[in-house]
Amino acid sequence: MVSHMKWDKLIRRKNPIIIGSFLVAIFITGVCAYTSPSGQSPSKRTGVDIDLLSVIPGNNVSSQSVEIYNIPGHVPTSSLNFTSAFAFAPAKDLFKVNSTSLTLIYLEAVSPPPSGMRLNVFANGLSVGFVLLQQVSGRATASGPLNVQAVHPGANSLMINPAPGVDVTLYQVRLTVEYTFST
């Protein structure tokens with residue numbers, strides 16, 4: 001009977017260690033079940049449209065629209081750019097910007113416009129792409145992808161610089177940003 005009592009005391013002393021080990025194993029397994037296979041937290045994609053300019057186009061050039069041009073020898077100045085500041089504030093924790101694009105509604109001043117006309121785009125002082133203008137008379141829409149480094153969370157600036165020979169009136173400038181955030 002003495003040997004049975006020693007065994008009983010041994011079990012009582014080791015019991016907390018066994019139970020503790022069992023609980024740690026359950027906790028670790030439970031934590032691993034809620035993470036992705038790569039070990040990162042799950043992420044989702046979404047997008048946001050940022051209106052930099054939006055006016056209702058009329059039959060004539062209105063005072064609310066913005067004319068930009070790059071015409072050498074034009075008086076009083078040979079070029080005029082469109083520049084705008086904006087804030088990009090993701091609703092969730094930003095993981096990365098996946099894509100950015102710029103969409104414009106414009107009226108070409110030269111009818112018909114020459115082929116190959118484009119608007120160069122700069123964001124935060126860096127060249128991030130361009131938008132090719134359609135060769136149509138009257139109002140038109142153009143869009144183009146931009147470098148994903150075009151925007152970052154917080155304050156940003158965007159400048160549209162016409163290539164030589166371009167003279168357009170802008171009615172709408174919209175920046176679309178698609179990004180991934182962690183959940």
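The values are calculated or read from the model by the stated rules, or taken from the named source; none is laboratory data. In this text, all values refer to a predicted model and were calculated from it rather than measured experimentally. All Cβ positions, even for glycine, are placed from backbone atoms using ideal geometry, and neighbour counts span all protein chains on display.
At-a-glance table
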{"item": "Count - residues of the stretch 156-175 that are over 18 Å from residue 127 (Cβ atoms), at pLDDT below 95 and not aromatic (Phe, Trp, Tyr)", "result": "6"}
{"item": "Filtered residues of the stretch 122-159 (kept if touching a residue at least 24 places away in the same chain (Cβ under 8 Å) and within 13 Å of residue 106 (Cα to Cα))", "result": "131, 133, 136, 137, 138, 139, 140, 141, 142, 143"}
{"item": "Considering residues of the stretch 71-89 that are in contact with a Ser or Thr (Cβ under 9 Å, 6 or more places away or on another chain) and modelled with pLDDT under 85 only, the residue farthest from residue 119 (Cα to Cα)", "result": "72"}
{"item": "Hey, residue 29 modelled with pLDDT under 55 and either in a helix (DSSP H, G or I) or among the β-branched types (Val, Ile, Thr) (or both) or not", "result": "yes"}
{"item": "Qualifying residue in the stretch 135-154 (condition: touching a helix residue (DSSP H, G or I) at 6+ places or on another chain (Cβ under 8 Å) and under 27 Å from residue 64 (Cβ atoms))", "result": "no"}
{"item": "Residue list for the stretch 157-179, restricted to those being under 18 Å from the mean Cα position of the chain (by Cα) and closer than 25 Å to residue 78 by Cβ", "result": "157, 158, 159, 160, 173"}
{"item": "Output for the stretch 94-108, where each listed residue is out of contact with any Gly (no Cβ under 9 Å at 6 or more places or on another chain), within 22 Å of residue 181 (Cβ to Cβ) and at pLDDT 85 or above", "result": "96, 97"}
{"item": "Residue under evaluation residue 106, criteria (1) under 20 Å from residue 53 (Cβ atoms); (2) surrounded by 15 or more Cβ atoms within 10 Å (Cβ to Cβ); (3) in contact with a Lys or Arg (Cβ under 6 Å, 6 or more places away or on another chain), criterion not met", "result": "(3)"}
{"item": "Residues being closer than 24 Å to residue 105 by Cβ and either surrounded by 13 or more Cβ atoms within 10 Å (Cβ to Cβ) or not assigned by TED's automatic domain parsing to the domain that holds residue 171 (or both) - total across the stretch 84-94", "result": "3"}
{"item": "Residue within the stretch 137-150 that is of a type in the set (Ser, Thr, Tyr), surrounded by fewer than 18 Cβ atoms within 10 Å (Cβ to Cβ), within 15 Å of residue 51 (Cα to Cα) and in contact with a Lys or Arg (Cβ under 9 Å, 6 or more places away or on another chain) present", "result": "yes"}
{"item": "Lone unmet requirement of (1) farther than 22 Å from residue 54 by Cβ; (2) touching a strand residue (DSSP E or B) at 6+ places or on another chain (Cβ under 7 Å); (3) without any contact (Cβ under 8 Å) to a residue 24 or more places away in the chain for residue 73", "result": "(2)"}
{"item": "Any chance residue 125 is more than 26 Å from the chain's Cα centre (by Cα) and over 21 Å from residue 65 (Cα atoms)", "result": "no"}
